[in-house]
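What follows is one structure encoded as structure tokens, with my remarks underneath.
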Amino acid sequence: MTALPPDAVADLYKLVAELEQRLESSFTAHDAAIARQAATDIENGRLINELSMAREQQNASAEILHTIANAKGDAERALYQIAEATMRLFDAPSATIHIAEGDGWSQVIRVGESSKSVGAGVPEAQLKIGGRNMPGTIVAENRQVHVPDLDNVDPAIADWPGLPYVRAAGTRSMSGSPLRRDGTAIGVLIVYRDKLAPFTDEEMSLQQSFADQAAIAIENARLFNDTSEALERQTATADILKVIASSPSDVQPVFEAIVGSAAKLFEPCSATITTLKDDKLHWDAMAASISGFDVDHVRTVYPIPFDPARAPSAQAILERRIIAIPDVTAPGTPELTRNAAAAGDFRSITFVPLVDREQGIGTIIFTHPQAGFRYSERQLALIQTFADQAVIAIQNTRLFNETREALERQTATAEILKVIAASPSDAQPVFEAIADSAKRLLGGFSATVLRFLGDELHLVAFTPTDPAADEGLQASFP
């Protein structure tokens, strides 16, 4: 084998070095390409996840808004939908929505084990607004509360009564947001996670948006119900006014329209109208929307003596104010009321006086099957309208009848005067006209006109009844 010249060997080493450098550069570029592709894949994955999350958020929001739009007066259905959508979006097995009223809650929507565990284990008195508890703090302070790790809670909230129950049910992280209307907290949305997964700032912001949608659902339902109730009240009032206008001489149809409308609007209840006559309270009309209410039996209680000590109706009339008995089984309830409650199957009763020119003349009585029930101020205002309409009907009937009677008297007098003028030499037609007019005006069975002639009493005119009786009447005179 012939040895290579020194120059050739040098050229060969140089070529090998160039090949190694090229190979190294090739590997470096390949690795860089791989790294760039990996970074691109990671970014794409992140963007896909964010897009997926955004779509889920949009779908959840759209679902809730659709529910709100179609719930109308049913806020409860929308609130359940919001709770379930919140759970699904935040991968949480439980959620609670509280609706505030006074220092407590008018409604609580509980979905999932943790929420139900709190409801079953914590007395209502320990969950009041402003108290040391999560929902009460959120509403009182109108702010979000985040408990990232229930196994390591802030000592400032360690005594909250619901924490042991949600922890026992499996919750590890939880957060709550206020439901706000016009900036004021009117409720709470609480979300429970069964794994240690603190809520991010973005999630807390999203939870607040869901809480705001819950507030919108409540407000929409309130406005819808207020509008519906106002329309029902106006319709009922208008219907009663129509009956008043069409029955100027008869109050009974008006009474029946009033109790019928009241029983329907305030269901379940019964409504009764009584009026004061001859120192007794008389039953006039009744309607009931209480299952099992025995109208006929309750009616047998009347007439009732006008005795304020025995009858709250009499007390309401005498004092011209509403008398409410939240529980008829309570000590001190008059026996008459307890007996009526047993027959009518009701537990609370309200007496509203009918007042005519500062004088009590009757009552509208409302009963309810629930003990402790009280009518709201708005309902009492409508009840007072019904009472005023009953009084108007009584006044109208009295005025109509008085006017009609006065007209009939004037007409009868005018007719008799005509007969007198037409019979100047004969009194008999005048006597007969007087008898006919007297019977008609006074609603009598018969009328007679008698005249003294000397020492004898003579029959000069009468209204006939039947031939035999007429003959006997004539034979008894003079």
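The residues in the range 131-156 that are part of a helix (DSSP H, G or I) and within 20 Å of Gln208 (Cβ to Cβ) can be counted, and the count is 8. When the residues of the range 209-218 are filtered to those that are more than 14 Å from the chain's Cα centre (by Cα) and of a type outside the set (S, T, N, Q), the one that is modelled with the lowest pLDDT is Ala217.
The residue pairs whose first member lies in the range 421-436 and is modelled with pLDDT of 85 or more, whose second member is of a type in the set (Ser, Thr, Tyr) and surrounded by 13 or more Cβ atoms within 10 Å (Cβ to Cβ), and whose beta carbons are closer than 7 Å, counting only pairs six or more residues apart or on different chains, are Pro429/Ser423; Asp436/Thr463. Scanning the range 365-403 for residues that are in contact with a Gly (Cβ under 9 Å, 6 or more places away or on another chain) and either basic (Lys, Arg) or not in a helix (DSSP H, G or I) (or both) gives Thr367, Pro369. Going residue by residue through the range 442-460, is there one that turns out to be without any contact (Cβ under 8 Å) to a residue 60 or more places away in the chain and part of a helix (DSSP H, G or I)? The answer is yes, given that some residue of the range 442-460 is without any contact (Cβ under 8 Å) to a residue 60 or more places away in the chain and part of a helix (DSSP H, G or I).
Checked against (1) free of Cβ contacts under 8 Å to residues at least 12 places away in the same chain; (2) more than 28 Å from Val243 (Cβ to Cβ), Arg347 passes all but condition (1). Give just the number: which of (1) in a strand (DSSP E or B); (2) buried (at least 19 other Cβ atoms within 10 Å of the Cβ) does Ala215 not satisfy? Result: Ala215 fails condition (1) only.
Filtering the range 351-365 to residues that are surrounded by fewer than 24 Cβ atoms within 10 Å (Cβ to Cβ), touching a Leu at 6+ places or on another chain (Cβ under 7 Å) and β-branched (Val, Ile, Thr) leaves only Ile361.
In contact with a Leu (Cβ under 8 Å, 6 or more places away or on another chain) and at pLDDT 85 or above: which single residue out of Pro303, Pro253 fits that description?
From the options Pro303, Pro253, the qualifying one is Pro303.
Residues of the range 307-325 being part of a loop (DSSP other than H, G, I, E, B) and modelled with pLDDT of 90 or more, which ones? Arg320, Arg321, Ile322, listed by residue number. With the structure loaded, tell me whether Ala341 is under 29 Å from the mean Cα position of the chain (by Cα) and at pLDDT below 85 or whether it fails that test. Here the answer is yes, as Ala341 does meet what is asked. Every condition in (1) over 26 Å from the mean Cα position of the chain (by Cα); (2) closer than 25 Å to Ile394 by Cβ; (3) surrounded by fewer than 19 Cβ atoms within 10 Å (Cβ to Cβ) is met by Pro331 except one, and the failing one is (2).
The values are calculated or read from the model by the stated rules, or taken from the named source; none is laboratory data. Since we're looking at a predicted model, the values are computed, not measured. Here the Cβ is made from the backbone with ideal geometry for all residues, glycine too, and neighbour counts use every protein chain on show.
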